[in-house]
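Here's the structure we're looking at; comments come further down.
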Amino acid sequence: MAAPMLNQPNSLLANMFAAGLLDDQFQELQMLQEGSAPDFIVKVVTLFCEDGERIIGEIAKLLDKPCVDYDKVGGFVRQLKGSSASIGALRVKNSCIQFHQCCQEKSKDGCVNSLDSVRNDFYDLCSMFKLHASAGPAGAGLPKQ
Amino acid sequence: MASSLKALLVEDTAVDRMVLSFMLRKFHCEVILAKNGKEDVDMFLEGNKFDIVVCDKDMPIMTGPEAIKKIRAMGATDVKIVGVSADDNAMEAFMSAGADDFVPKPMRLEVLGPMIQEVINMKNN
């Protein structure tokens, strides 16, 4: 079953592109990794997943307060949007764009719903990254947990 | 492309700092990091010299455009300053603050490369 296992990581990534989870910025990172830095994508994706989880947690705390500071929420959303764009996390980025709109409208319901979307898209992506990493030697280069 | 450029990267988001600094190092730049506009300005106040500054827009304590205005006002007119942002309205803010260029995020190697080469050419002339 070695051949299908070796093929699996590439088809997993292809599926992620096809599903709109990733865009061509991720391919830019793959090009950056070529040659001198074989662990670059591992580090970036690991950082994205850890930092993104922290940001989502901070946003959830802010939205839990009776009086929501939409500027602070917007600041965190902006950070997640930026880092999503930088690694090619297309769906998360697009969810953040919607979320930012709700922050500007100061809509609590909109923000709460947007947080759910962002959280789902974020964890879908990070789960796929972990699956890719656990798929074998060809999947090396992405975080395992 | 051989380069001995000293680059200051001003970026509050950790992932963006990692990606952008890696891109700059790909072009053999020495990269110094600042996490907000105030740290950016402090670098210049401490007498540091840079060939290029790559600066985000929205950051805590001091924004990129605010920092750029202060840096230019300090007399640092030779250093190339490139504003980067995912904000559609960022270009005007950066250019009116005194930046030389604006690049929408995410940064691409094919965009950064010619900018680095331009700075190298100016430095060699």
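What follows is calculated from the coordinates using simple rules that are stated; it is not laboratory data. This structure is a prediction, so every number in the text was calculated from the model and none was measured. For neighbour counting, all protein chains shown are included, and Cβ atoms are generated from backbone atoms with ideal geometry for every residue, glycine included.
The GluC sites (Glu not before Pro) of region B:1-64 that meet both conditions, a loop assignment by DSSP and at most 14 other Cβ atoms within 10 Å of the site Cβ, are B:Glu46.
Provide the percentage of antiparallel DSSP beta bridges, counting only those with both residues in region B:6-119; round to the nearest 5.
Antiparallel: roughly 0 percent of the beta bridges in region B:6-119.
Determine the shape class of region A:28-145: with a ≥ b ≥ c the square roots of the Cα gyration tensor eigenvalues, call it rounded for a/c under 1.5, and otherwise prolate if a/b is greater than b/c, oblate otherwise. Prolate shape, in that a/c is at least 1.5 and a/b is the bigger ratio. Computed per residue of chain A from DSSP H runs no shorter than four, each worth -39500 (n - 2.57), the mean residue ellipticity at 222 nm is -26000 deg cm²/dmol.
Given the convex hull of the Cα atoms of region B:25-125, what is a quarter of its surface area in nm²? Walk me through the numbers before you get to the answer.
Details: hull surface 25.2 nm².
Spelled out: convex hull of the Cα atoms, projected over all directions, averaged, 6.3 nm².
Peptide B:103-111 is shielded by partner chain Cβ atoms: per residue, an average of 4 of them sit within 10 Å of its Cβ. By the rule of a C-alpha distance below 15 Å, with chain neighbours fewer than 8 residues away ignored, the aspartates and glutamates paired with A:Lys106 are A:Asp64, A:Asp69, A:Asp71.
With the cut-off at 30 Å, tell me which of the pairs A:Lys43/B:Lys123; B:Lys6/B:Lys105; A:Lys81/B:Lys49; A:Lys93/B:Lys70; A:Lys93/A:Lys130 have Cα atoms farther apart than that. Exceeds cut-off: A:Lys43/B:Lys123; A:Lys81/B:Lys49; A:Lys93/B:Lys70.
The label-point distance for B:Lys123 and A:Ser127, in a model that sets each label 7 Å from Cα toward Cβ, rounds to 4.7 nm.
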